[in-house]
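Accompanying notes for the structure given below.
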Amino acid sequence: MPRKKHLPVDQERLALLRSSRVEPVPGRCVQCGLCSWNCPTGIDVRGFARRGLPIDDARCLKCGTCVARCPRAVLQFSPVPRAIA
Amino acid sequence: MTHHVLVGSGIAALSAAEAIRGADAAARITLVSDETGPFYSRPGLAYLLTGAIPERQLSIRSKAEVSALSIKRISARAEQLWPARHELRLSDDSILGYDRLLIATGAASIAPVFPGADLDGVVLLDGVDQARDFVGRAKKAQSAVVIGGGSTAIELAEGLQARGVQAHYFLRGDRYWSRVLDAEESALVEAGLARTGVAVHRRTEVVRVLGRNGRVVAVETSHGDTLKCQLVAVAIGVRPRVTLADEAGLEVDRGIVVSERMESSAADVFAAGDVAQAFDPALGRAVLDTLWSAAAEQGRVAGLNMAGRPTVFHRHVALNVTQLGDLVTTVIGEVGGSEDPDLITITRGQSEAWSGATEGTTLVRHDATDRIRIHINDRTILGAVIMGDQALSLPLTRLIANRVDITPIRDTLIERPEMLASTLLDFWHSLTPWDHAPPYDHHARLAG
């Protein structure tokens, strides 16, 4: 009987992704649009970067494609800030 | 109703238009430019050259955003300015009056002077039209020669390689971009270029370009060799387009001299972006730079002042990020640098503020893939060059911009250069105990 195969799950990575979001570092972006062009779900990442806002979009997979594709290291994963009481 | 006329269509002019419209819904805004397409990201042209993005992706505003600005666009060049009469003459010989004028004509690439420079196939890169033309030529070429320095020369070489053209990059001296980089940094970039297939020729100059039927077929080098090529791409520097202002009698040094409100010496005439030479209170002198974010901010400040909202341009620390070879490189503040035989003037994406001559100590940490160089004086970090891993990029930007007193870690930095990165990061974390590093508006907390 064939053994049941499990897909490897990187728990550490999942935990990091759950608690993080993609954010632009101010002052670095030149609006080239590589991030938006490569986003697999079609988010206007460049628009967020222009306004200096974190990528707050339900479609974001946190796949890191925009982070990796940005030629100027504008985007980074940052911890989601704790709620302020 | 105030009539604002903006000359130029780059990020400075667009930012000014947005600031004016935000401040005055009724203002009349006219934009004069011989570029008639959508507003685009000039630094993004590098990725059009490599084919990483299509041209339409360079557009930086949606149609709805542009139409909400209610700008009248005139396709023409501004040929003559009469500041006393508040009038412009355009290239179609029409006369355009203004209440407030912004000159945001940018900077133009300097053409080479060697024999054969006028042959078809000797190209410069200024705008999207030239980028499109360059891509078309690259599709038909087998090999090309690139001369010049700074990030534009690299973008041209990499664009060629990405399209299957063998790029030969000629350096007059021993190394790349000595105006900004030190010898090790230059070597890292050159190694990265070699990995992408670019042939780097040191101590080599173009003596003349050889043509047939008016087209480039080869160059003759300073070593007496002939190298076959169909393209010669030139990035030896840019000069602010000051003719309009100069002929009108405005105060012009290398760029149009402007106050901290971006006002020129003529009443109701402003300048912003690459064409403007703005006073830097920190350096005590007026400097040119060709940085996109500075141009956007100057445009915004000019627009607000034009709309009657007094605003001062605060020069943030001069910063640019660029991909050099296969290394992301951030240059911040004063980093020194020496003569650069490959560049006649400043290049795009550069600031004169980087080449400050302040006395100081240089510290370097270098491992297999990354390199950090900082330049410090007795109390503060003056500048930094960060190659590869960018984890220290944001902390260093803020430490430099805020002139944070580094006395507590200065000795450790000097005595333990191998610990440079961790010393700086620990220090940064001790200053920013909050979880989530806030953006620039928290500068005051740091500086205080």
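Here is a list of conditions, (1) part of a strand (DSSP E or B); (2) surrounded by fewer than 19 Cβ atoms within 10 Å (Cβ to Cβ), and residue B:169 meets all of them except one; can you say which number that is?
(2)
Rundown of residues vs (1) surrounded by fewer than 17 Cβ atoms within 10 Å (Cβ to Cβ); (2) more than 25 Å from the chain's Cα centre (by Cα); (3) at pLDDT below 95; (4) of a type outside the set (Gly, Ala, Ser), yes/no style:
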| residue | (1), (2), (3), (4) |
| --- | --- |
| B:5 | no, no, no, yes |
| B:16 | no, no, no, no |
| B:37 | yes, no, yes, no |
| B:42 | no, no, no, yes |
| B:45 | no, no, no, yes |
| B:49 | no, no, no, yes |
| B:61 | no, no, no, yes |
| B:74 | no, yes, no, yes |
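When you go through B:157, B:131, B:138 one by one, which is the residue that is touching a Lys or Arg at 6+ places or on another chain (Cβ under 6 Å), among the small types (Gly, Ala, Ser) and assigned to a helix (DSSP H, G or I)?
B:138
Any residue in segment B:46-72 that is over 24 Å from residue B:150 (Cα atoms) sitting within a Cβ distance under 6 Å of a residue that is assigned to a strand (DSSP E or B) and β-branched (Val, Ile, Thr)? List the pairs, counting only those 6 or more apart or interchain.
B:71/B:29; B:72/B:30
Hey, among the residues in segment A:20-31 that are on the phi < 0 side of the Ramachandran plot and not in a strand (DSSP E or B), which one's surrounded by the fewest Cβ atoms within 10 Å (Cβ to Cβ)?
Only one residue tops the list, namely A:26.
Can you go through B:405, B:411 and tell me which one is in a loop (DSSP other than H, G, I, E, B) and away from chain A (no Cβ under 14 Å)?
B:405
Need at least 1 residues that are away from every other protein chain (no Cβ under 12 Å) and more than 24 Å from residue B:242 (Cβ to Cβ) per element, so show me which helices (runs of 4 or more DSSP H) inside segment B:1-89 make the cut, counting only ones lying wholly within it.
So the answer is B:11-23, B:63-68.
Find all pairs meeting these conditions: Cβ atoms under 6 angstrom apart; at least six residues apart or on different chains; first residue within segment B:106-119 and among the β-branched types (Val, Ile, Thr); second residue part of a loop (DSSP other than H, G, I, E, B).
Listed pairs, sorted by first residue: B:110/B:236; B:110/B:237; B:110/B:344.
Is it the case that some residue within segment B:196-210 is under 23 Å from residue B:43 (Cα atoms) and in contact (Cβ under 8 Å) with a residue 60 or more places away in the chain?
yes
Being under 22 Å from residue B:322 (Cα atoms), surrounded by fewer than 16 Cβ atoms within 10 Å (Cβ to Cβ) and away from chain B (no Cβ under 11 Å) narrows it down to one residue among A:64, A:42, A:52; which is it?
Among A:64, A:42, A:52, only A:64 is under 22 Å from residue B:322 (Cα atoms), surrounded by fewer than 16 Cβ atoms within 10 Å (Cβ to Cβ) and away from chain B (no Cβ under 11 Å).
In the set B:137, B:195, which member is within 19 Å of residue B:51 (Cβ to Cβ) and at pLDDT below 95?
Of B:137, B:195, the one residue that is within 19 Å of residue B:51 (Cβ to Cβ) and at pLDDT below 95 is B:195.
Is there a residue in segment B:231-252 that is surrounded by 17 or more Cβ atoms within 10 Å (Cβ to Cβ), in a strand (DSSP E or B) and free of Cβ contacts under 8 Å to residues at least 60 places away in the same chain?
Checked segment B:231-252: at least one residue is surrounded by 17 or more Cβ atoms within 10 Å (Cβ to Cβ), in a strand (DSSP E or B) and free of Cβ contacts under 8 Å to residues at least 60 places away in the same chain.
Those residues that are crowded, with 21+ Cβ neighbours inside 10 Å and at positive phi, I need them from segment B:175-202; list them, please.
Answer for segment B:175-202, where residues must be crowded, with 21+ Cβ neighbours inside 10 Å and at positive phi: just B:177.
Closer than 25 Å to residue B:139 by Cα and outside any loop (DSSP other than H, G, I, E, B): which single residue out of B:192, B:197 fits that description?
B:192 is the lone residue from the list that is closer than 25 Å to residue B:139 by Cα and outside any loop (DSSP other than H, G, I, E, B).
Can you tell me which residue among B:312, B:335 is away from every other protein chain (no Cβ under 14 Å), over 30 Å from residue B:30 (Cβ atoms) and not small (Gly, Ala, Ser)?
Testing whether each residue is away from every other protein chain (no Cβ under 14 Å), over 30 Å from residue B:30 (Cβ atoms) and not small (Gly, Ala, Ser) leaves just B:335.
The values are calculated or read from the model by the stated rules, or taken from the named source; none is laboratory data. What you see is a predicted model; the values in this text were computed from it and never measured. Please note: Cβ atoms are built from the backbone with ideal geometry, for glycine as well, and neighbour counts cover all protein chains shown.
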